[in-house]
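First comes the structure, then the notes that go with it.
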Amino acid sequence: MCWRKVWSVLGLSFCCFSLAVAQSSKPAITLDEYMSTTEITAERLAPGGSAAVIATETPDWKHNIFSDDLWLWTADGGLRPLTHSGTERDPRWSPDGKWVAFVSDRALPGEAAGDDGAAQSESDRADRLWVISVAGGEALPLYTQKLDVHAYAWSPDGKFLVFSATQPQTEEQQDAEKAEWKDVIRWREKDRGDVLVKMEVAPALARYVKAPLPEDAASGDKKKAEEKPAELPPGAQRLTDSNEEITEIAPSPDGKALAFETGPPSQREENPADFEIFFVAPEGGAARQMTHNEALESKLAWSPDGRWLHFEVPAGAGSLEGKYRDVQGRLYRMDPESGKVERLGAEFDGSWGPYSLLPDGRLIATGQKGTETQLYQVDGDKATKLPGLPGTYADLDAAKGSGAILVRYSTINDPEQAYLVANPLEPQQAKQLTDFNRIFAERAQPEWQTYSWKSDDGRTVEGVLIFPPGKKDAKRLRMLTLIHGGPEDADGNRFGADWYDWATLAADRGWLVFRPNYRGSTGYGDDFMLAIQPHLVSAPGHDILSGVDALVRDGYADPDKLAIGGYSYGGYMTNWLITQTTRFKAAVTGAGAVEHAANWGNDDLTYDDAWYLGGAPWQNPQLYESEAALFQFNRVKTPVHLVQGQADVRVSFLEGVLMERALQELGIPHEFLVFPGEGHGLGKNPWHGYIKVRDELKWLDKYVPD
């Protein structure tokens with residue numbers, strides 16, 4: 001990009017021409033390269049700030065799975081693999097920085113492992129807690145019982161691991177239930193809540209290694225351990241039971257309280273009241289409910305002095321200010337004594353995301369505003385933007401014993417990497433720790449720009465235009481309108497390269513890609529986000545169509561070469577928009593509903609659907625029908641490529657079947673791909689996402705040739 005504004009017009013033209021030549025001299029990225037990206041899924045900074053553990057996910061094409069691995073970075077040795085089974089996730093440092101705990105379904109010592117590293121027998125698999133020494137050696141399981149960990153945390157002194165799992169049953173209970181119900185599924189009655197458990201780490205690991213225990217390692221009451229129910233691991237102490245699933249655990253710094261967050265054991269988010277914060281004493285007992293609201297709290301974190309419990313409410317997850325609404329991300333803190341809650345950073349008109357607390361109590365958070373996500377220091381109502389680089393900062397973790405933070409950063413053309421920031425107030429001065437996906441620097445890269453237009457009601461809307469390499473500001477390009485999901489999300493200056501986010505691959509294939517941040521998107525204020533309700537698809541639909549009109553009018557898009565697509569809510573919008581206009585010559589859609597009544601019942605976010613449409617189906621039937629694509633399908637003329645995960649419960653697989661049936665009845669050219677075993681996200685088999693993108697590009701080229 002030309003950045004020297006003092007250059008003459010001739011000099012500016014030469015600069016852009018040189019860039020175009022440079023880009024055209026690089027080869028296009030192949031589909032195989034594009035779909036083989038390594039994604040960073042978590043990063044944790046050691047207490048002293050001199051080491052980090054990084055979790056990644058990479059396609060394993062040979063075994064038809066995604067490989068989840070842990071990497072260790074040290075100041076002296078750089079980055080190296082920490083684990084090797086390919087099934088590890090959610091790493092956490094011990095307070096002394098000597099151990100890393102993680103969750104894995106890898107085979108137990110002595111068990112046969114399958115191709116995916118997990119226990120060969122499906123009946124033996126469980127997401128157990130494991131611990132590995134950063135000094136070397138093999139990982140060891142905390143227990144061998146088949147207990148799936150839902151959440152866990154180290155105790156402040158590092159002696160215990162506290163974790164939650166579904167309340168176990170004895171063999172007698174299991175046999176009695178099987179005898180009574182056979183193979184019948186009791187729809188709600190089958191769900192059991194969680195048990196909160198703590199275990200001493202040293203005695204548990206001593207079962208696998210011949211090592212003397214520290215003198216105080218077995219300081220727990222032996223008699224109590226012997227009295228534990230047989231279904232829990234030996235030495236496990238039951239702290240409390242919950243009727244809900246326990247999704248997060250946060251011990252206070254002084255070890256005098258445990259905070260935890262709940263969620264529905266069914267995984268169906270039908271009622272915001274299932275999501276609340278509780279306190280329990282470290283020795284166990286009845287839990288005390290601390291919140292009563294219609295928000296979905298997450299990311300619990302104590303201030304270093306134990307004075308406050310902080311948490312966030314992500315975008316689209318309600319707020320503590322009244323009844324449920326889809327608003328931008330919020331930050332809060334709670335006084336653990338009184339239960340009083342204060343909102344933080346309220347003056348910021350963007351959307352708050354992940355945050356971390358420094359050792360001195362200062363709060364650093366990611367804040368999305370428009371197409372950029374930057375780091376901010378939050379103090380009370382105020383938020384001060386820190387001097388970061390243009391792009392997207394995502395997630396962050398502060399070292400407990402130093403002022404350093406670990407953060408992920410990317411741009412549209414720069415793959416996401418982990419960075420160490422020694423001074424958190426100067427994030428532009430960061431040290432890159434990882435170098436994944438370097439192939440993108442060796443291939444032609446598209447240029448991009450933000451684009452604003454007026455919707456048909458006069459509201460200003462913004463989006464992103466991604467040009468084919470070397471064709472910045474070219475005119476009359478074939479254009480793909482690629483609509484983000486959510487809708488509580490926004491496209492911007494961040495990297496994406498997978499089955500869901502393939503805009504830069506489409507641009508590399510000669511498409512101008514238009515990514516509209518329609519009303520309902522985050523980063524543009526609560527009013528903009530709330531303007532989607534109650535017209536779930538028609539209100540944002542008008543924004544998108546107005547944007548397409550503006551791009552045609554401005555000469556960027558060829559009106560005879562328009563295509564449209566999206567997944568999840570982007571699929572909702574695609575399905576509706578092809579009933580409103582015949583201008584799109586091809587559509588690629590996935591996991592999008594075509595009606596809202598059955599989807600309200602099948603969707604695992606039913607309270608969200610009801611909020612969007614102003615009530616349950618019987619309360620607002622006219623709106624449920626008028627906002628549904630199905631009842632207007634007689635207008636569809638656009639050839640449609642449709643995909644769906646067969647096990648999807650976010651948008652039922654049957655919505656895809658219904659749409660295909662309508663297209664077949666109407667004689668509209670279409671193709672329907674069904675991915676077995678896949679839920680809403682195609683995370684089981686990487687070949688499913690590969691085939692999805694491969695065939696979508698073929699479909700677009702067939703009906704909208706370059």
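The values are calculated or read from the model by the stated rules, or taken from the named source; none is laboratory data. Nothing here was measured: the structure is a model prediction, and the numbers come from that model. Positions of Cβ are generated from backbone atoms using ideal geometry, with glycine treated the same way; all protein chains shown enter the neighbour counts.
Key figures
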| item | result |
| --- | --- |
| Filter result for V552 (in contact with a Pro (Cβ under 8 Å, 6 or more places away or on another chain) and either over 14 Å from H596 (Cβ atoms) or buried (at least 20 other Cβ atoms within 10 Å of the Cβ) (or both)) | yes |
| Any hit, the range 79-89, residues being closer than 30 Å to F495 by Cβ and touching a Pro at 6+ places or on another chain (Cβ under 6 Å) | no |
| Number of the exception - D76 against (1) of a type in the set (D, E); (2) on the phi < 0 side of the Ramachandran plot; (3) under 17 Å from the mean Cα position of the chain (by Cα) | (3) |
| Subset of the range 653-695 (residues that are in contact with a Gly (Cβ under 9 Å, 6 or more places away or on another chain) and without any contact (Cβ under 8 Å) to a residue 40 or more places away in the chain) | F653, F672, L673, V674, F675, P676, G677, E678, G679 |
| Residue in the range 189-207 that is modelled with pLDDT of 50 or more, loosely packed, with under 10 Cβ neighbours inside 10 Å and over 28 Å from P109 (Cβ atoms) present | yes |
| Criterion (in a helix (DSSP H, G or I), in contact (Cβ under 8 Å) with a residue 24 or more places away in the chain and either not hydrophobic (A, V, I, L, M, F, W, C) or not assigned by TED's automatic domain parsing to the domain that holds S538 (or both)) met by exactly one of G570, G592, G601, G566 | G570 |
| Test: residue in the range 668-685 that is farther than 26 Å from N64 by Cβ and surrounded by fewer than 18 Cβ atoms within 10 Å (Cβ to Cβ) | yes |
| Number of positions in the range 494-512 that are touching a strand residue (DSSP E or B) at 6+ places or on another chain (Cβ under 6 Å) and part of a loop (DSSP other than H, G, I, E, B) | 4 |
| Close pairs (6 angstrom Cβ cut-off, 6 or more residues apart or separate chains): under 19 Å from P415 (Cα atoms) in the range 48-66, of a type in the set (S, T, N, Q) anywhere | A55/T41; T56/T38; E57/T41; T58/T38; T58/S67; P59/S36 |
| Scan of the range 52-65 for residues that are within 25 Å of the chain's Cα centre (by Cα), of a type outside the set (S, T, N, Q) and surrounded by fewer than 21 Cβ atoms within 10 Å (Cβ to Cβ), ordered by number | E57, D60, W61, H63 |
| Flag if A28 is farther than 30 Å from V100 by Cβ, surrounded by fewer than 17 Cβ atoms within 10 Å (Cβ to Cβ) and modelled with pLDDT under 85 | no |
| Residues being surrounded by fewer than 22 Cβ atoms within 10 Å (Cβ to Cβ), assigned to a strand (DSSP E or B) and polar (S, T, N, Q) - total across the range 247-270 | 1 |
| Residue within the range 431-439 that is touching a Phe, Trp or Tyr at 6+ places or on another chain (Cβ under 6 Å) and assigned by TED's automatic domain parsing to the domain that holds S546 present | no |
| Residue satisfying all of: in the range 529-563; assigned to a strand (DSSP E or B) and not hydrophobic (A, V, I, L, M, F, W, C); nearest to W448 (Cα to Cα) among these | D558 |
| Test: residue in the range 37-48 that is out of contact with any strand residue (DSSP E or B) (no Cβ under 8 Å at 6 or more places or on another chain), surrounded by fewer than 16 Cβ atoms within 10 Å (Cβ to Cβ) and either among the charged types (D, E, K, R) or more than 18 Å from G136 (Cβ to Cβ) (or both) | yes |
| Failed item, numbered, when T481 is tested on (1) in a loop (DSSP other than H, G, I, E, B); (2) within 26 Å of the chain's Cα centre (by Cα) | (1) |
| Residues (charged (D, E, K, R) and assigned to a loop (DSSP other than H, G, I, E, B)) located in the range 289-331 | E294, E297, D305, R307, E321, K323, R325, D326 |
| Qualifying strands (runs of 3 or more DSSP E) (wholly inside the range 349-457; at least 2 residues being crowded, with 22+ Cβ neighbours inside 10 Å) | 351-357, 363-369, 372-379, 392-398, 405-410, 417-421 |
| Qualifying positions in the range 445-467 - over 28 Å from the mean Cα position of the chain (by Cα) and in contact (Cβ under 8 Å) with a residue 12 or more places away in the chain | W453, K454, S455, D456, D457, R459 |
| Selection status of A490, surrounded by 20 or more Cβ atoms within 10 Å (Cβ to Cβ), modelled with pLDDT of 95 or more, in the same structural domain as D549 (by TED's automatic domain parsing) and under 24 Å from S351 (Cα atoms) | yes |
| Residue that is farthest from V464 (Cα to Cα), among those in the range 326-371 that are within 23 Å of the chain's Cα centre (by Cα) and polar (S, T, N, Q) | S356 |
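For (1) of a type in the set (V, I, T); (2) free of Cβ contacts under 8 Å to residues at least 40 places away in the same chain; (3) not assigned by TED's automatic domain parsing to the domain that holds G486, each residue gets a yes or a no:
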| residue | (1), (2), (3) |
| --- | --- |
| K323 | no, yes, yes |
| G329 | no, no, yes |
| K340 | no, yes, yes |
| D349 | no, no, yes |
| W352 | no, no, yes |
| Y355 | no, no, yes |
| L358 | no, no, yes |
| T371 | yes, no, yes |
| Q377 | no, no, yes |
